1. Go ahead and run the numbers for FRET between L222 and K112, Cβ-Cβ distance against an R0 of 56 Å, rounding to 0.05.
2. In whole Å, what three semi-axes, largest first, describe the equivalent ellipsoid of the range 126-223 built from its Cα gyration tensor (square root of 5 times each eigenvalue)?
3. Of the cross-linked pairs K219/K298; K57/K145; K298/K360; K112/K145, which ones have a Cα-Cα span greater than 24 Å in the structure shown?
4. For the range 43-114, rounded, prolate or oblate, judged on the Cα gyration tensor with a ≥ b ≥ c (square roots of eigenvalues), a/c < 1.5 rounded, else prolate if a/b > b/c?
5. Fully extended, how many nm does the chain gain between Q297 and R56 (0.36 nm per residue separation, minus their Cα-Cα distance)?
6. How long is the gain from N264 to N102 if the chain were fully straight, where each residue apart is worth 0.36 nm and the alpha carbon distance is subtracted?
Amino acid sequence: MNSQRQPVSSSLRTVWILCVSALSFFFALHASSKPPARAPQEPASFRGQSQEEADRKSSGCISCHTSTDEPTMHPTKAVHLGCADCHGGNSSISIALGAAPNSAEYLSAKEKAHVQPRDATFRNRSNVPERIFTKWLAESAEYIKFVNPGDLRVAPETCGTLGCHAAETRAVSTSMMTHAGMLWGAALYNNGGYPAKNTRFGESYNRDGVPQSIKTSPKPTLEETHNKGVIPELDPLFRWESSQPGNVLRVFERGGRKKAEIGNPSREEVPGKPDDKLSDRGFGTELRTDPVFLGLQKTRLLDPVMSLPGTNDHPGDYRGSGCTACHVIYANDRDPSHSAAFAPFGHSGFSASSDQTISKNEPGHPIKHVFTRSIPSSQCMICHIHPGTNMVTTYFRAHVVGQRN
Ligand code: HEC
Ligand code: HEC
Ligand code: HEC
Ligand code: HEC
């Protein structure tokens, strides 16, 4: 378990984190008044670069991506950015005008210009494959940045560079929408999986995709923790195999019939009243672990939140990770009351981009290459329809009904 933990990165150390108390559901956000310290390897700011400099970093890319909706993603046109500033890749590779897209020359230029993935599942495609789950974390930071510059593993060197959106990037990386600590804390404490009331676990990954702890710095006083719910740190969830079930002696309690076998449901069981309240898992053997840790690990993977892309496998679940999860809209819901101006694009996750290289009838693409601040509620519901985050749907009943429109 410890081998999974990583020391917190130095840029995060100066950061106040979003804190939650699982018992009271009270939470408070503490933003430091000091700017975050710059990591030594942080690249120079893109702010203020000239159009010529930016163009140089797009030159090869646009020999194939001859047209795109908003080249810098920013419709305000207030920034000068080249494709490679955000995506990386080799922008000095280009092809001659008119080279056929299936020619050897074209394919080899594409391979050199693009950052190549480790896993072949990702190769030669422009959407994120369905149900990719943790394969995403196993990819290099360079590849993740190439596919989605808004992913939180790389956002500090793209969106979050100095002079751009450092504050937002810092805040999102420790937001409850990223670490999901309130759900984990509430589920573990209230179900007896972990004894402390104060939230102890949260999801966060370093640049290499390895789970990491996030800390409040300076460490909160006991009074701050007690009165304001500021907690000192969140650690990655324990591996489920090393979690412990409740008191094993409870299997001797009266009532119930024969203990059920794992994976073999009894048809005589009264619905909603399982014979085994605690499961017949004890310490140590036969997958005897705590069901809450297991359930949370499954939810973390199957209904991913901010650090991973959506499952991209059906209407309502198409999205990117990180900043992209909210600011780049995918076609998820065709009801105008949920999707507003994006409703006409349907719910199949298809692209409507002017970029010729992008398939227009393949699910899992953003609608267009552009950021928006007009985020429709259908984009929020990609996550908020799922367990743990679905409390928001309470205020949005109509949407729940219409989600799979
Ligand atoms: C030789 C042509 C060519 C060049 C040069 C090229 N691309 Fe591409 N790119 C493509 C094609 C074609 C696709 C569609 C997917 C595929 O066929 O691999 C694509 C897809 C992409 C994708 C989507 C990848 C994914 O998996 O989601 C991104 C991002 C991208 N290109 C960015 C760039 C950038 C940035 C550059 C310059 C550094 C660049 N491309 C240079 C042809 C090219
Ligand atoms: C401000 C940063 C930024 C710049 C500059 C930028 N992109 Fe992107 N690009 C993104 C983001 C964010 C996405 C969305 C990724 C996702 O949805 O997961 C994206 C997506 C893409 C895709 C995939 C689109 C699809 O439908 O799947 C391609 C291709 C692409 N960019 C090419 C380019 C090219 C070519 C340029 C230069 C003309 C460029 N980008 C400039 C941030 C940027
Ligand atoms: C990538 C997934 C994702 C997206 C997209 C997303 N959220 Fe969240 N949101 C979460 C998670 C995870 C939590 C924390 C759940 C927890 O720990 O209990 C959360 C929590 C919240 C909360 C606090 C709920 C509470 O009970 O205190 C609000 C409000 C919220 N989100 C609103 C939004 C809005 C508005 C949008 C769209 C602009 C949005 N979310 C988009 C994942 C997401
Ligand atoms: C959970 C959804 C969500 C995520 C994730 C998210 N944002 Fe936002 N962001 C919003 C909303 C909502 C607004 C407000 C839009 C409005 O009303 O103008 C906003 C506004 C902004 C603004 C405009 C602020 C202003 O003063 O005009 C910037 C810049 C921004 N976000 C950057 C980022 C960056 C960088 C990331 C990733 C580190 C990110 N956002 C992730 C939802 C999100």
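Quick note: the coordinates plus some simple rules give every number you see, no bench work behind them. Since the model is a prediction, treat every value here as computed from it, not as a measurement. FYI the Cβ positions are ideal-geometry reconstructions off the backbone, even for glycines, and counts take in every protein chain you see.
1. It comes out at approximately 0.50.
2. 28, 19, 10
3. K219/K298; K298/K360
4. prolate
5. So the extension gain works out to 82.3 nm.
6. So the chain would gain 53.1 nm between N264 and N102.
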